[in-house]
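Below is one structure, written out as structure tokens, with a few remarks after it.
The values are calculated or read from the model by the stated rules, or taken from the named source; none is laboratory data. Computed from a predicted model, the values in this text were never measured in an experiment. Counting neighbours? That spans all protein chains shown, and the Cβs are built from the backbone with ideal geometry, glycine included. To get the accessible areas, we keep the full protein, side chains included, count just its heavy atoms, and leave off ligands, DNA and RNA. Shrake-Rupley method; radii C 1.70, N 1.55, O 1.52, S 1.80 Å.
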Amino acid sequence: MHLGVILNRVFRIKDNPLFDYVVNNQEEIEKLYLILPLEDLSDAGESKQQYYDTVASGFVKTLHKHNIYPYVVSYKSLGKLADQLGLTHVLVGKDIMSYHNMEYDYPHLKLAFQKHSIEVIGERVNHYFQPLMTVNKQQQPYKVFTSFYKANRRNLVHTPSKHYQYKQLSQYAEKGSNQSKISLNSAEDIEQQARKAWESFLSEDISNYKKMTDDVSQDYVSGLGKYLAYGLLDIHEIINDLLEYYENDEASYESYIREVMFREFYYILMTQYPKTATKSFTEKYRNMQWSYSKQNFDAWKIGKTGFPIVDAAMQKLNDTGYMHNRLRMVVSQFLTKNLFIDWTWGEEYFRQYLIDYDNASNVHGWQWSASTGTDAAPYFRMFNPIRQSERFDAKGYFIKSQLELFKDVSSNYIHNPSKNKDKLKENYDIEIGKDYPKTMVDLKLSREFVMNKFKSFR
């Protein structure tokens, strides 16, 4: 066969299942072409665009060091290149959920290649479990995380690393060229950086994991979501490390393993219920009459809601592409519950800006907040952004880091400026409604409104 290997989002040279497949099936391969199609991120935030370009170019540069030269093209040119090379088969990661656009994912890519009469081979490259191997006794996917966790935790076992030599790939693969606009001049080895960061987390920070997850002043705790979203680390390598050092601190390691399994849980649900990418998992809520106020949505996007914890979180996202997990819950509940705006609007905005975007985790995270998903927060559970701010940014360090206006303001006044407008004017010459917005919604009234809306579906 004339095989094209699609490398996008499997940006690692170590423990790469695609490379492993090539070496193990070499006798069947007449011609081998390594291909990196680049995603169109023209609608993405600047930080996300830059990070993707840096990772992709660093990966290509690392391959070059091993005398491996992939074809680098745009997705729009992929079909044309496949025809030019005379491909009969392509090898694709079938479980990647972090593409910027869904047209790059396995189901869409498979259909596109079939139109060119090219057979598609799917390989698991990004997740631990095979979805159909995790079903319950009724042969249905678990819809409650605790049940999924209890049933599948014991199936996490140490797996051998993949063994192949880079010189084998260099010998087998045809020499490609860079047919894209990406520059390789200042490429960094992000895979190596990711591995060092992961090792540092295991040796220094995992023992404080539970505490750190509530510290909203941090961009992220381990950074693993980002590394997995770009395929910089192999999930089996992660599980092996967690199991190997488990006895060092069982409580902390188990807490982290639960988070890794949450990612698997959402991935499996997305593969079995793909329509929930844009529709409520709970069918009765698909007829919910959400608000579609562009004015309110725009205020949320740019961080002008009058609630500093929300505004600071959105400012951080817009500027850096990062948002702490606790803050993701705060801003998503504010949008879906207090402003009662369709969760798909928020999910789409996160897709554009989050560097560590993962479709399954993002969609189900938003549906959890909106109370429309599986195992979601009950509709009467609504985060109060002021209380969340007081609890998880008590001294206001995070807010001050993003909203310069409040850098000298006492934490006594920073969480609820509208309530403390007189003190802010008197002590800091900050005028609410002029220098900083008034709260755009009454929390008590919005809670009552949402409660009545959801009750009407009972």
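Quick notes on this one:
- Within straight-line reach of Lys279, meaning a Cα separation under 19 Å, sit the following aspartates and glutamates at least 8 residues removed in sequence or on another chain: Glu103, Asp105, Asp342, Glu347, Glu348, Asp358, Asp375.
- Percentage relative contact order, segment 283-456, counting C-alpha pairs under 8 Å, at least six apart: 25 percent
- The calculated FRET efficiency for the pair Asn412 and Asn136, based on their C-beta separation and a Förster distance of 60 Å, comes to about 0.75.
- Spatially proximal aspartates and glutamates relative to Lys211 (Cα-Cα < 18 Å; intrachain offsets below 8 disregarded): Asp219, Asp249, Glu250, Glu254, Glu259, Glu390, Asp393
- Relative contact order (%) - the chain, alpha-carbon pairs under 8 angstrom, separation at least six: 18 percent
- Evaluated at q = 0.11, 0.12 Å⁻¹, a Debye calculation over the C-alpha positions of the chain (equal weights, vacuum) places log10 I(q)/I(0) at -0.95, -1.10.
- You can think of it this way: the chain between Phe380 and Trp290 has 30.7 nm of extra reach, that is 0.36 nm per residue less the Cα-Cα gap.
- With the highest mean first, a sort of the peptides 276-289, 187-200 on other beta-carbon atoms found within 10 angstrom per residue produces 187-200, 276-289.
- Pairs from Lys76/Lys115; Lys210/Lys337; Lys31/Lys94; Lys294/Lys400; Lys400/Lys425; Lys137/Lys284 whose Cα-Cα separation, in the structure shown, is over 20 Å: Lys210/Lys337; Lys31/Lys94; Lys294/Lys400; Lys137/Lys284
- Heavy-atom surface of segment 18-88, accessible at 1.4 Å and reported per residue (Å²): 43 Å²
- Most to least packed among 319-332, 121-134 [average Cβ atoms within 10 Å]: 319-332, 121-134
- Of all aspartates and glutamates in the structure, those lying under 13 Å Cα to Cα from Lys395, and not within fewer than 8 positions of it along the same chain, are Asp215, Asp408.
- Each of Tyr75, Asn152, Tyr52 was placed along the dipole of segment 28-161 (beta-carbon charges, centred on the mean Cα), and the one lying farthest toward the positive end is Asn152.
- Taking the average, over residues, of other Cβ atoms within 10 Å as the packing measure, peptides 230-243, 384-397, 156-169 rank 230-243, 384-397, 156-169 from highest down.
- Cα gyration tensor, segment 191-274 - rounded (a/c under 1.5), prolate or oblate: rounded
- Short-range pairs are left out: with C-alpha atoms under 8 Å and at least six residues apart, the relative contact order of segment 40-152 is 20 percent.
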